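Notes follow the structure.
The values are calculated or read from the model by the stated rules, or taken from the named source; none is laboratory data. Note that the coordinates shown come from a computational prediction; the quantities given were computed from them, not determined experimentally. Virtual Cβ from ideal backbone geometry, glycine too; neighbours counted across all protein chains shown. Quick note on the areas: whole protein, heavy atoms, side chains included, nothing else; ligands and nucleic acids left out. Shrake-Rupley method; radii C 1.70, N 1.55, O 1.52, S 1.80 Å.
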Amino acid sequence: MAALPSLRQLSYLVTLSETLHFTEAARRSFVTQSTLSGGIMELERLLGGVLVERDRQNVRLTPLGEQVVARARVLLADAQDLMRLSREMSEPLTGDLHLGIIPTIAPFILSQLLEEVHLQLPKIQLHLHEAQSDKIVERLEYGHLDMIMLALPFDTRGLKVAEVAKEDLYLVCNKADQKSMQAKTLQDLDLAHLMLLEEGHCLRDHTLSACPIDERKNDHRLKASSLPTLVEMVSSNLGFTLLPQISIHTSMLTNNDQLVIKRIENAPTRVLALITRKSTPLHSEFDVVLQILQKITADLNASS
């Protein structure tokens, strides 16, 4: 049987792909630069091809190197799951749990989530990571996160997906915006004044999927980087927006007497989901976290 690459050699290559700098990659790998370079050279010998192009100014992956890195990330994630499986068999429901959540969900559930996890999983140390959907899906696939919570539809690429809740988006407008206040359906709104989050937020995509609007009609200055900024823009009567159901009873909305919040017909919807790798050994943790999230979101949306 031919010699196979080691996980250590593959991890050296993955780290180098992230830094494109041998010294920094060696530092992150806790080895000397010569050890890292030797490991990658041995990997190239085993695979029979050049993975990295080097000169005095630049380091770049070859096309083969990019393909090897993509596969190496999956192998390394599976290896991490294998290690976790062993621990789960001997010490279930213990250790660190890394959960990624998107910014249009995180602020509304975090305090309750932390409290419930502490009560129901007292031996679990929960680490929360907030980022946009594409980033946390990538980190999950690469084994840097154990599970993630985001809003569908989104490409989950064959991952294990469990529905947490389905929710409507609500119209939020300024009291001075009479046309929006009187709107009963999506078609009654002047979509030229619809304000959105900036590119990369799935809430933006969910809104646009239901709104037949050419984005060029929107003033590109009126794109917010966060929900609080979006709310402030509505408060200044710069337009209206659509916000998720779990957000409508938060202080950023209820403490602002300039705002009107209302349900409208045929509004966009989104599905909140908890997602993990199919290879995960953390099935018990996944089930408990799922039940916690379902309870939290059900309570929040029941008050809408």
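Odds and ends about this structure:
- GLU88 vs. criteria open to solvent by less than 50 Å² (accessible area, probe 1.4 Å), over 30 Å from PRO244 (Cβ atoms), at pLDDT below 90 and outside the structural domain of ILE292 (by the TED database): yes
- Some residue of the stretch 254-266 being among the acidic types (Asp, Glu), at pLDDT below 90 and touching a strand residue (DSSP E or B) at 6+ places or on another chain (Cβ under 8 Å): yes
One line per residue, one yes/no per condition, for (1) open to solvent by 10 Å² or more (accessible area, probe 1.4 Å); (2) outside the structural domain of ARG263 (by the TED database); (3) not hydroxyl-bearing (Ser, Thr, Tyr):
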{"residue": "VAL117", "(1), (2), (3)": "no, yes, yes"}
{"residue": "ILE124", "(1), (2), (3)": "yes, yes, yes"}
{"residue": "LYS135", "(1), (2), (3)": "yes, yes, yes"}
{"residue": "LEU140", "(1), (2), (3)": "no, yes, yes"}
{"residue": "MET149", "(1), (2), (3)": "no, yes, yes"}
{"residue": "ASP155", "(1), (2), (3)": "yes, yes, yes"}
{"residue": "ALA176", "(1), (2), (3)": "yes, no, yes"}
{"residue": "HIS193", "(1), (2), (3)": "yes, no, yes"}
{"residue": "GLU199", "(1), (2), (3)": "yes, no, yes"}
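- If you go through the stretch 254-304 and keep only what is acidic (Asp, Glu) and assigned to a helix (DSSP H, G or I), you end up with GLU285, ASP287, ASP299.
- Residue that is modelled with the highest pLDDT, among those in the stretch 239-253 that are in a loop (DSSP other than H, G, I, E, B) and either in contact with a strand residue (DSSP E or B) (Cβ under 6 Å, 6 or more places away or on another chain) or crowded, with 18+ Cβ neighbours inside 10 Å (or both): GLY239
- Residue check, THR19 polar (S, T, N, Q), surrounded by fewer than 18 Cβ atoms within 10 Å (Cβ to Cβ) and either within 18 Å of PRO281 (Cβ to Cβ) or assigned by the TED database to the domain that holds PRO228 (or both): no
- Candidate set from the stretch 157-174 (those that are out of contact with any Pro (no Cβ under 7 Å at 6 or more places or on another chain) and open to solvent by less than 10 Å² (accessible area, probe 1.4 Å)); member that is farthest from ASP205 (Cα to Cα): ASN174
- Residue ID - modelled with the highest pLDDT, chosen from residues in the stretch 192-238 that are in a strand (DSSP E or B) and of a type in the set (A, V, I, L, M, F, W, C): LEU194
- Checked against (1) at pLDDT 90 or above; (2) hydrophobic (A, V, I, L, M, F, W, C); (3) surrounded by 14 or more Cβ atoms within 10 Å (Cβ to Cβ), LEU93 passes all but a single condition, namely (1).
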